[in-house]
Amino acid sequence: MYKYLLLPVLALALMQCKDVPKETEAATATAGQPVGGAVVSGSTTGQSDTNSASRIRGLMMQNGEKLGFMDFANQKLYLLKDMTGGTLVENYKKAIQPCVYPNETAFAVFSGKFNGTGEMRLPIFEVTKVDSLLPKSPALMNSVSVAFEFWCVGAEPFGWDIEISNPEGGIFLQNSRNNTASFCPWVPPVKKGNTYVYDVPGSPNSPAIVVRITKQPAKVAGNSYDYTCELVMDKVTYKGGATRGPGKLNPGDPNAAE
């Protein structure tokens, strides 16, 4: 079950918008070639929970001075110790800019070794090399087995994207119009015909939004999507497209088949 609590668990243990990433970044990262300003080098395969040299792949986050990591391939949480002289944090900050929500995650591949345990008895991984740190995208999420449900994008009259991910525990909105980003806890959708409706309540740190996703082709900025998305925010409706992830979707039961 704890694989569905990435942000809450890591935030407890650890005690503002970027462009929509290109799908080709996943292949580029795997090949070990630089993408944008992010650090990418070496192979991205192979890992083991031993004190010998290892490589881990998954999602990284920062809370204050503490660093956390989720390896979705084996459903494990780690604490990170930066042994790179600051390269780790520096490149994490580059990957999540310019629009940042609290505890934002980034796609990461690190080389290093496991050495002891820390808070909440989580294993400590000492990072000696940053192989890859990139903004998240649907392709990268799939590459590390994150079972998100939808990734929505819109381009008119401004750029926005929404990630809906029960495994990460949230719904994440980034808005390029005013360079803001927000996160709210995941809520189950309500199915109305062939449309899934996420009614997201507002909070002091995030606006109330409604996201409607329908199995109907859409085009956004020249890209084709299998789903149409409508974002209702501040009583205004914005239209876009959506990519379906591998996550379970039955309303009210994220573990059931769609």
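Checked against (1) outside the structural domain of MET60 (by TED's automatic domain parsing); (2) buried (at least 22 other Cβ atoms within 10 Å of the Cβ); (3) under 21 Å from THR105 (Cβ atoms), VAL130 passes all but a single condition, namely (1).
Condition (residue is under 30 Å from PHE69 (Cα atoms), part of a strand (DSSP E or B) and modelled with pLDDT of 90 or more) applied to the range 214-236: is it met by at least one residue? The answer is no, given that none of the residues of the range 214-236 is under 30 Å from PHE69 (Cα atoms), part of a strand (DSSP E or B) and modelled with pLDDT of 90 or more.
Within the range 180-208, being within 23 Å of THR228 (Cβ to Cβ) and assigned to a loop (DSSP other than H, G, I, E, B) holds for TRP186, VAL187, PRO188, PRO189, GLY193, ASN194, PRO207, ALA208. On the stretch given as the range 139-179, residues that are out of contact with any Leu (no Cβ under 9 Å at 6 or more places or on another chain), among the aliphatic types (A, V, I, L, M) and part of a loop (DSSP other than H, G, I, E, B) total 2. Within the range 237-258, being in contact with a Lys or Arg (Cβ under 8 Å, 6 or more places away or on another chain) and at pLDDT 95 or above holds for one residue alone: GLY241.
Of all residues in the range 215-225, none satisfies being of a type outside the set (Phe, Trp, Tyr) and buried (at least 23 other Cβ atoms within 10 Å of the Cβ).
The values are calculated or read from the model by the stated rules, or taken from the named source; none is laboratory data. Since the model is a prediction, treat every value here as computed from it, not as a measurement. In this analysis, Cβ positions are derived from the backbone assuming ideal geometry, glycine residues included, and neighbour counts consider all displayed protein chains.
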